[in-house]
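The values are calculated or read from the model by the stated rules, or taken from the named source; none is laboratory data. The shown structure was predicted, so the numbers you read here are calculated from the model rather than taken from an experiment. Counting neighbours? That spans all protein chains shown, and the Cβs are built from the backbone with ideal geometry, glycine included. The protein model used for the area step is the full one, side chains on, heavy atoms only, and it has no ligands, DNA or RNA in it. Shrake-Rupley method; radii C 1.70, N 1.55, O 1.52, S 1.80 Å.
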Amino acid sequence: MLTDYSALPPEGRNILRFLFGNPLMRVKQHDWESVARFVVGAFRADVARAGLVSEAGELVDELCSTSPEFEALWHENDLHNPADGGVKRLSHPKLGPIELEYSSFAVDGRPDLGMIVYTPLDHDTAERIKALADSAT
């Protein structure tokens, strides 16, 4: 829904780099600041949970040097646990405003991995997404 990730180089397939390094992401998000705050807090929680604080240092340094917004949010030290799920609001360039419900899942035996599943919040959104997907094939 956000982009064609297969068209991005592997290093560009990182949501933090995408969120803080791609100006179009601000336009696509219903409330970019809240999304950014949530993503940074969830990243901090994931890094701590997986015990990867030292491994994440290079990425954190990179993002702090390229994005003042990331640096400010990182230094707030907030933690967010997306395990309960919630609602994601997007401004899609072809579909307009859409709302997706998300659920987050841990991968047993792999504290460094997780999965988030997005589903349309209502029937109209599901039909618009299906029509867009059908037109692309």
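Checking each residue of segment 35-44 against the condition of being under 14 Å from the mean Cα position of the chain (by Cα) and in contact (Cβ under 8 Å) with a residue 60 or more places away in the chain gives no match. The criterion of being open to solvent by 30 Å² or more (accessible area, probe 1.4 Å), closer than 24 Å to residue 9 by Cβ and in contact with a Leu (Cβ under 9 Å, 6 or more places away or on another chain) does not hold for residue 120.
Among the candidates 59, 113, the residue that is open to solvent by less than 90 Å² (accessible area, probe 1.4 Å) and free of Cβ contacts under 8 Å to residues at least 12 places away in the same chain is uniquely 113.
Within the group 20, 43, which residue is at pLDDT 90 or above, surrounded by 12 or more Cβ atoms within 10 Å (Cβ to Cβ) and part of a helix (DSSP H, G or I)?
That would be 20, the only listed residue that is at pLDDT 90 or above, surrounded by 12 or more Cβ atoms within 10 Å (Cβ to Cβ) and part of a helix (DSSP H, G or I).
Within segment 28-49, the only residue that satisfies the criterion of being among the β-branched types (Val, Ile, Thr) and within 17 Å of residue 99 (Cβ to Cβ) is 35.
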